[in-house]
1. Might you tell me the accessible area per residue for region 16-130, computed with a 1.4 Å probe and given in Å²?
2. Starting from the Cα of Lys98, step 7 Å along the direction of its Cβ; do the same at Arg183; then give the gap between the two resulting points in nm.
3. Using θ = phi - 60° and the Karplus relation 6.51 cos²θ - 1.76 cosθ + 1.60, list the HN-Hα couplings for region 61-75 in order, rounded to whole Hz, with x at every Gly or Pro.
4. Kindly sort Ile114, Ile43 by accessible area of their heavy atoms, largest first, with the probe set to 1.4 Å.
5. For the chain, with all protein chains present and a 1.4 Å probe, just round the carbon and sulfur fraction of the accessible area to a whole percent.
6. What distance in nm separates the two pseudo spin-label positions at Ser50 and Ser139, each 7 Å out from Cα along the beta-carbon direction?
7. Just Ser71, Ser139, Ser50 to compare: in a GNM of the chain, with alpha carbon springs under 10 Å, which one fluctuates most?
8. Expected output is a single nm value to one decimal: the length gained when fully extending between Ala73 and Ile20, i.e. 0.36 nm times separation in residues minus the C-alpha distance. What is it?
Amino acid sequence: MSTMTNQLLALRPDWPGIPIELDRAWSHLEELGLGTMSPTGYIIDPYPDSDAAGPYFSANLSLEGWFHEDSVAYTRVLPIAEAAGEGSLIALWLDEEKNARVILLESEGSGFLIANDASELLVLFSIGYEELLSHNLGSSPIEPISPEALEPLRSWVESEFAMTIPDSWPAPGRDEFSAWLDRELGREEPISEDVPDSSTETPMNEAP
């Protein structure tokens with residue numbers, strides 16, 4: 001089991017378990033020396049020697065400002081990564097069937113599904129977006145993380161899942177998680193009225 005998994009489950013003993021695909025990826029990156037203890041806690045930077053900060057995995061992210069620790073909603077969300085370094089989070093979310101889906105909690109209050117499962121998240125991380133925010137998805141990265149920095153994760157994902165990494169990822173839209181988030185936060189209206197409904201978007205597992 002990876003150090004990242006151990007750290008997360010120690011902090012959230014209520015969580016049912018980390019998807020095996022994520023744990024294997026974290027173990028691979030840790031074997032390459034990419035896991036470190038930072039001033040804010042344990043992190044894995046999947047893009048070594050990158051000039052850009054890029055998203056990174058972290059065991060010590062907080063849901064403060066989203067859910068109270070004693071709420072049922074809190075028990076269904078586990079933050080696992082910084083999306084862009086400005087407060088937006090990537091997290092696992094347990095849907096109604098208790099499947100671990102991957103969500104984006106943006107710093108201004110919006111939330112979307114960005115991957116159907118952990119393996120899709122790893123593919124998304126392998127494309128090279130410097131910031132995994134909703135307005136950056138839907139097209140290829142404008143200033144992608146360098147191929148050299150992407151190589152440790154990208155080559156592992158391609159081998160592990162026997163696939164070619166796509167050039168871009170579908171933009172998120174309002175979806176079942178967005179609706180759930182609005183209900184849990186007591187919102188009567190969507191946080192953003194100009195976000196398209198995800199039913200009109202390309203399914204995540206059919207990303208170009």
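The values are calculated or read from the model by the stated rules, or taken from the named source; none is laboratory data. This one's a predicted model, so the numbers in the text were calculated from it and none came from an experiment. Neighbour counts run over all protein chains shown; Cβ positions are idealised from the backbone, glycine included. To get the accessible areas, we keep the full protein, side chains included, count just its heavy atoms, and leave off ligands, DNA and RNA. Shrake-Rupley method; radii C 1.70, N 1.55, O 1.52, S 1.80 Å.
1. Working: 4550 Å² over 115 residues.
In whole numbers, region 16-130 has 40 Å² accessible per residue.
2. 1.9
3. In residue order, the calculated couplings are 7, 10, 9, 4, x, 10, 9, 6, 4, 8, 8, 5, 4, 4, 5 Hz.
4. On the way: Ile114 5, Ile43 30 Å².
So, going from the largest accessible area down, we get Ile43, Ile114.
5. On the way: 4690 of 9940 Å².
The value for the chain is 47 percent carbon and sulfur by accessible area.
6. 2.0
7. Ser71
8. Numbers: separation 53, 0.36 × 53 = 19.08 nm, distance 2.34 nm.
That pair, Ala73 and Ile20, stretches by 16.7 nm at full extension.
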